[in-house]
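This report refers to the structure that appears directly beneath it.
Please treat every number below as a calculation from the coordinates, not as lab data. Note that this is a predicted model, so its numbers are computed, not measured. For neighbour counting, all protein chains shown are included, and Cβ atoms are generated from backbone atoms with ideal geometry for every residue, glycine included.
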Amino acid sequence: MDIIFKDLIKLWGKPVNQEKIDFDLSIGFISTDTRTIEKGNFFVPLVGNRFDGHDYLDIAFDIGIQAAIVSEKFNGLVPKGLPHWVVPDTLYAYQQIALLHRKKLNLPVVAVTGSVGKTTTRELIREVLSSLGEIVSSRENENNDVGVTKTLLRGTKKDAAYVIEMGMRGLGQIERLSWVAEPDVAVITNVGQAHIGILGSRENIAKAKSEITSNLRSDGVVIIPFGDHLLEKALRKKWSGRIVRVAIEDFSLNWIGSKDDYLGVKDVEPDYISQIDMQNNFMFFEERKFKLPLEGRHNAMNFLMALTVATELGLSIKNLDHLKINMPMGRNRLVDCGQYLVLDETYNASPESVIASLELLVSKPGRHFAVLGTMLELGSESISLHQKVLKKAVELGLTGIVFVSCGEESNIIKKTIKELPNHDVVRTPRDAAVTLLSWLSPGDNILIKGSRKLELEKVLPYLQQ
């Protein structure tokens, strides 16, 4: 950590017990968790709905922390002799340190958001940029206020760039993350209907995603899919700098909704256009041929965005023919279960991502089954969106669907999938596995996908046995 105590005076003034600090020394590793804290750390007690890090100030002091920050709302006693700054909000102060660290390092920052494909695109960008050196990237679910801050603080002078994933559950959240990270490149993978139950409309979702440009550097660039007029409209209100639009030739956006919602921008052309050969799993971009690191048309688009990031950062892409992407559990994972091939998409689900996964499933030779689960946070559109997704599954000719329901949509789902040779609606992953196994034969292909709450990963062990 290249931040010294003197830097903190510029943020918050002089600390309590300042005589015990050498202001020219580094503040050391910043810890928010006394379970992993070590002597010499700088302690930041965060406050959540179910915890208050201030309750552990005594433990941190006994371990031997150098200093801490303390919320002005804290009513307890600070350990006698502990150097500390009193701040209005410890999370905000934590983010101030991260922003200061980011500015001192001055590494390129690529920020990624979108309704679908954030993590996949993040991992593709990280791999594409790896020839630059060590890339500091978000881990697992580090895409919120605490996670983005923690990722930024992991950076060192030895690293080459950051790739930061930014998630949201409401307006204003990505704006805060953009402030902390000050991106050089912003990527918006798409505007879908995930969280529409919270935000109310695709227009609001587009507005929330566009917040990623709030602190995008003035000479930076935002990369978006070509043809989404809602996103274009939202961006024009937030961003006056460069926009790079990417598209796959003849690529049909298979999201739910009117085509007019996505192809309404007629006065712009995509800056980067690519062709794909899905049969042989290749992409052709800038007169070069690339083996797709992940299967599926949607992942080809994600890969195109990653290649575009590399091009915008001036990186040569001539040696990116055979990338290997290690995706996190439950995302874009093909699992060989011996007699069956399983597409493990158990991490989460939205209408757009389910349809993309179904299309990838039916591209495999053999019979096709799906274990699907309730898609959450769709609000008043939940029933109609479930119907549209399942009608698409019927159109694609699946052999069978077992649906794990945790809501009121069970009867509608039964009616929608009754035309399939095999269909059932159950309540638990175990019930789904039992039903599915009664249908399967060697060589079958299975998709497992549903919202995180349903824990559909519990179906996998039954198939692996």
Where q = 0.05, 0.10, 0.13 Å⁻¹, what log10 of I(q)/I(0) comes from the Debye formula for the chain, counting one point per Cα? -0.21, -0.80, -1.19
Just the projected area, averaged over all directions, of the convex hull on the alpha carbon atoms of the stretch 137-240: how many nm²? 6.7 nm²
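How would you rank Met283, Met278, Met305, Met329, going from fewest to most other Cβ atoms within 10 Å of each one's own Cβ? Please report the intermediate quantities before stating the final value.
Details: Met283 22, Met278 15, Met305 26, Met329 11.
Neighbour counts put them in this order, fewest first: Met329, Met278, Met283, Met305.
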For the stretch 107-312, max minus min Cα coordinate along each principal axis, in Å, sorted largest first? 42, 39, 29
Most exposed first by the Cβ proxy, i.e. fewest other Cβ within 10 Å, how do Leu358, Leu230 rank? Leu230, Leu358
Of all the C-alpha pairs in the stretch 300-408, what % are more than 20 Å from each other? 52 percent
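Taking neighbour counts of Cβ atoms within 10 Å as a proxy for exposure, in what order, fewest first, do Met166, Met327 appear?
Final ranking by Cβ density, sparse to dense: Met327, Met166.
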Where q = 0.17 Å⁻¹, what log10 of I(q)/I(0) comes from the Debye formula for the stretch 51-205, counting one point per Cα? -1.00
Please report the Cα spread of the stretch 384-423 along all three principal axes, rounded to whole Å, starting with the longest. 25, 17, 13
Of all trypsin sites (Lys or Arg not before Pro) in the stretch 314-402, the ones in DSSP coil with at most 13 other Cβ atoms within 10 Å are Lys318, Lys324
Only helices counted: for the chain, with every DSSP H run of 4 or more residues adding -39500 (n - 2.57) and the sum spread over all residues, [θ] at 222 nm is -9500 deg cm²/dmol
What percentages, rounded to whole numbers, describe P(r) for the stretch 367-465 computed over all alpha carbon pairs with 5 Å bin width beginning at zero? 2, 14, 27, 26, 19, 9, 2, 0, 0
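Can you check what the Kirkwood hydrodynamic radius comes to for the stretch 1-96, Cα pairs only, in Å to one decimal?
On the way: mean 1/r = 0.0756 Å⁻¹.
The answer is 13.2 Å.
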